[in-house]
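Undergrad: I am attaching a structure below and will ask some questions about it afterwards.
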Amino acid sequence: MTTYSDSLTIYTSVNDIPSEQWNTVVQNKSIYLSLPYLKALEQSLSASIEFLFVLAKTQENVPILAGVFQLASFTYKKGAQANLLLKLFQDCKNSDESVSIKGLICGNIFATGAHGYAHTDLISKQSACELMAATAQTIKNDAAYDALFSVLLFKDFASENARQAEILKDFKYRDFQADVVMQLKLQPSWATFSDYLHSMKAKYRTKANSAYKKSQALTIQSLTVSQIVENESRLRALFENILSKSDYQYGEHYPNSFKALKESLGEAFICKGAFLDGELIGFSTAFENGTSLEASYVGIDYEHNTKYAVYERLLYDYVEEAIQRNVAHLHLGRTSELIKSALGAVPTEMTLFVKHRSKLKNALLKPIVDTISPSEYQLRRPFKTEYYTN
């Protein structure tokens with residue numbers, strides 16, 4: 001625990017956080033800022049990720065902001081091939097052409113959206129963002145963190161929140177657009193999955209039925225804590241299959257947290273397995289976060305994916321779960337925009353803000369950031385006309 005002033009304290013362990021004051025700020029605003037969630041991550045991922053927990057109070061000792069920074073490494077596998085300038089920013093020498101960078105991140109690295117902090121009504125959104133930026137600056141100036149990160153990142157801001165986060169530019173951050181996040185708005189008339197299918201045009205209803213027909217040999221079931229432990233190595237292997245196809249790599253130990261997350265969050269954390277003749281060939285994870293179901297990571301055995309439509313079935317299963325839980329929105333994350341739009345999801349633009357702790361390298365960031373843009377994508381409109389006019 002480090003107290004930088006009477007009003008700002010940074011804790012290095014969840015166990016040190018004054019829970020009553022933290023909960024006064026967070027309430028039910030985000031599961032990703034809840035103490036049970038944070039404790040599960042700290043318990044299972046502390047070997048690869050360091051967490052810094054921020055609590056700010058007024059001079060009258062009233063808590064007004066609770067936030068989290070994560071210290072983690074990101075690897076861009078094609079860094080040198082794509083941009084030689086990226087080599088200037090690597091924090092360790094890799095044997096291949098990849099570039100690894102250590103970052104101080106405000107925002108959950110395992111979830112899309114602005115989940116880095118919460119605040120009370122005593123301060124505005126802009127003031128809260130400014131306070132977190134000032135805290136990041138304080139951490140940067142602390143000699144204890146000199147070698148632990150080189151890049152500071154605030155993620156992921158949508159529309160109005162992005163405008164409020166423009167204050168970060170006063171701290172020399174540069175903004176850029178990441179890939180869009182796909183989200184499905186659920187209709188009140190969808191009491192069952194069959195209702196959802198009937199709201200679709202025939203073409204897309206046929207597509208969904210085809211995925212279910214291909215996957216009928218699969219058994220999809222929620223995993224208990226003991227089943228997660230029993231399948232731990234297989235879950236890791238399936239997750240690594242996904243990482244191997246990505247240009248980026250971070251949080252490779254994330255499956256190690258599944259057991260702790262299930263123990264801490266219960267039904268709010270969903271971990272499902274797709275079994276073929278008793279063999280786990282896919283999994284999906286998700287969180288119920290207020291009025292939303294937020295899809296997290298999946299894992300797939302690609303040898304079976306095409307024949308049994310594993311990935312498609314897991315996506316449709318997210319829709320089924322969202323309807324059963326009677327939530328308002330289903331967040332399906334980044335990538336695979338075309339297939340997710342065929343489920344009815346639409347894109348939401350996301351803005352991130354980044355800077356380097358070195359003034360010189362921060363200036364050199366501009367040509368790199370200027371080349372970053374969302375991946376191109378195509379969209380489908382699977383629903384009948386009335387869906388889009390409601």
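Undergrad: Using only alpha carbon pairs under 8 Å that are at least six residues apart, calculate the relative contact order of the chain and give it in whole percent. All intermediate terms of the calculation are to be shown ahead of the outcome.
TA: Values: 719 pairs, mean separation 78.2, N = 390.
Relative contact order comes out at 20 percent.
Undergrad: Oh, and also: Taking the chain as a Gaussian network, Cα atoms linked when under 10 Å apart, which of Ile31, Ile323, Ile372 shows the biggest mean-square fluctuation?
TA: Top of the fluctuation ranking is Ile372.
Undergrad: How many Å² of accessible area per residue for the chain, probe 1.4 Å?
TA: Solvent-accessible surface per residue comes out at 46 Å².
Undergrad: If you take the Cα atoms of the chain, find Rg, then find the Kirkwood Rh from the mean of 1/r over all pairs, what is Rg/Rh? Mind showing how you got there, number by number?
TA: Details: Rg = 21.4 Å, Rh = 22.2 Å.
Rounded to two decimals, Rg/Rh equals 0.96.
Undergrad: I'd like the orientation of helix 202-214 relative to the chain: the angle between its Cα long axis and the longest Cα principal axis, in ° from 0 to 90, rounded to 10.
TA: Rounded to the nearest ten degrees, it is 90.
Undergrad: Run through segment 310-390 and list the trypsin sites (Lys or Arg not before Pro) located in a DSSP loop whose Cβ has at most 15 other Cβ atoms within 10 Å.
TA: Here the trypsin sites (Lys or Arg not before Pro) that fit, given the DSSP loop and packing criteria, are Lys384.
Undergrad: With a cap of 15 neighbouring Cβ atoms within 10 Å, and only residues DSSP puts in a loop, list the chymotrypsin sites (Phe, Trp or Tyr not before Pro) found in segment 311-388. Mind dumping the intermediate values first?
TA: Numbers: sites: Tyr311, Tyr316, Tyr318, Phe353, Tyr377, Phe383, Tyr387, Tyr388; in loops: Tyr377.
Passing sites in segment 311-388 are Tyr377.
Undergrad: Determine the distance separating the Cα centre of segment 333-390 from the Cα centre of segment 116-189; give it in Å without decimals.
TA: 17 Å
Undergrad: What spacing in nm lies between the two simple spin-label points modelled at Leu338 and Gln27, each 7 Å away from Cα in the Cβ direction?
TA: 4.4 nm
Undergrad: Same structure again: Would you calculate a helix-derived [θ] at 222 nm for the chain, using -39,500 (n - 2.57) for each DSSP H run of n ≥ 4 and dividing by the full residue count, to the nearest 500? Show your work: numbers first, answer last.
TA: On the way: 15 runs with 136 residues, N = 390.
Result for the chain, helices only: -10000 deg cm²/dmol.
Undergrad: Oh, and also: Placing +1 at every Lys and Arg Cβ and -1 at every Asp and Glu Cβ, with all other atoms neutral, what dipole size does segment 293-390 have around its Cα centre, in debye to the nearest 20?
TA: 600 debye
Undergrad: 5 Å is the cut-off here: which amide hydrogens, built 1.01 Å from N in the peptide plane, fall below it relative to Leu223, excluding neighbours closer than 5 in sequence?
TA: Cys271, Lys272, Gly273
Undergrad: Among the lysines, which fall within straight-line cross-link reach of Lys213, defined as a Cα-Cα distance under 26 Å, with same-chain neighbours fewer than 8 residues apart omitted?
TA: Counting by Cα, and skipping residues close in sequence, Lys213 has these lysines nearby: Lys185, Lys201, Lys203, Lys272, Lys307, Lys340, Lys384.
Undergrad: Could you calculate, for segment 127-203, the ratio of the Cα radius of gyration to the Kirkwood radius, expressed as Rg to Rh?
TA: 1.26
Undergrad: Which of Ser13, Ser194, Ser257 moves most in a GNM of the chain, Cα contacts under 10 Å?
TA: Ser194
Undergrad: Which order do Lys201, Lys307 take when ranked by solvent-accessible area (1.4 Å probe, heavy atoms of all protein chains), largest first?
TA: Listed by decreasing accessible area, they come as Lys307, Lys201.
Undergrad: Relative to the first principal axis of the alpha-carbon coordinates of the chain, what is the inclination of helix 359-371, with its axis defined by its Cα atoms, in degrees from 0 to 90 and to the nearest 10?
TA: Once rounded, one gets 20 degrees.
Undergrad: Using the Karplus curve 6.51 cos²θ - 1.76 cosθ + 1.60 with θ = phi - 60°, work out ³J(HN,Hα) for each residue of segment 121-128 in order, rounded to whole Hz, and write x for Gly and Pro.
TA: 6, 6, 9, 7, 4, 5, 5, 5
Undergrad: Further question on the same structure: Taking the 0 to 90 degree range and rounding to the nearest ten, how far is the long axis of helix 35-45 tilted relative to the main principal axis of the chain, both from C-alpha atoms?
TA: The answer is roughly 90 degrees.
Undergrad: Right, next: Considering the alpha-carbon set of segment 315-390 alone, what are its Rg and its Dmax in angstrom?
TA: Over segment 315-390's Cα set, Rg and Dmax evaluate to 18.2, 54 Å.
Undergrad: I've got another one for you. Would you please name the GluC sites (Glu not before Pro) within segment 28-73 that are DSSP coil residues with at most 13 other C-beta atoms within 10 Å of their C-beta? Please list the in-between numbers first.
TA: On the way: sites: Glu42, Glu50, Glu60; in loops: Glu60.
Within segment 28-73, the qualifying GluC sites (Glu not before Pro) (loop, at most 13 other Cβ atoms within 10 Å) are Glu60.
Undergrad: Please list log₁₀ I(q)/I(0) at q = 0.11 Å⁻¹ for segment 90-236, using the Debye equation with identical point scatterers on the alpha-carbon positions.
TA: For segment 90-236 at q = 0.11 Å⁻¹, log10 I(q)/I(0) is -0.78.
Undergrad: Still on this structure, please answer the following. Of Ser226, Gln187, Tyr204, which is farthest on the positive side of the dipole of segment 165-236, counting Cα position, with +1 on Lys and Arg Cβ, -1 on Asp and Glu Cβ, and the Cα centre as origin?
TA: Tyr204
Undergrad: Please report, in debye to the nearest 20, how large the charge dipole of segment 162-221 is about its Cα centre when each Lys and Arg carries +1 at its beta carbon and each Asp and Glu carries -1 there. Before the final figure, lay out each step's value.
TA: Numbers: 11 positive and 5 negative charges, 71 e Å.
For segment 162-221, the charge dipole is close to 340 debye.
Undergrad: Give, rounded to the nearest 20 debye, the magnitude of the charge dipole that the chain has about its Cα centre when Lys and Arg contribute +1 at Cβ and Asp and Glu contribute -1 at Cβ.
TA: The calculation lands at about 1120 debye.
The values are calculated or read from the model by the stated rules, or taken from the named source; none is laboratory data. The structure presented is a predicted model; accordingly, all values stated were derived computationally and were not measured. So basically every Cβ, Gly included, is an ideal-geometry build from the backbone, and we count neighbours across all protein chains shown. Side chains included, ligands, DNA and RNA excluded: accessible areas come from the protein's heavy atoms. Shrake-Rupley method; radii C 1.70, N 1.55, O 1.52, S 1.80 Å.
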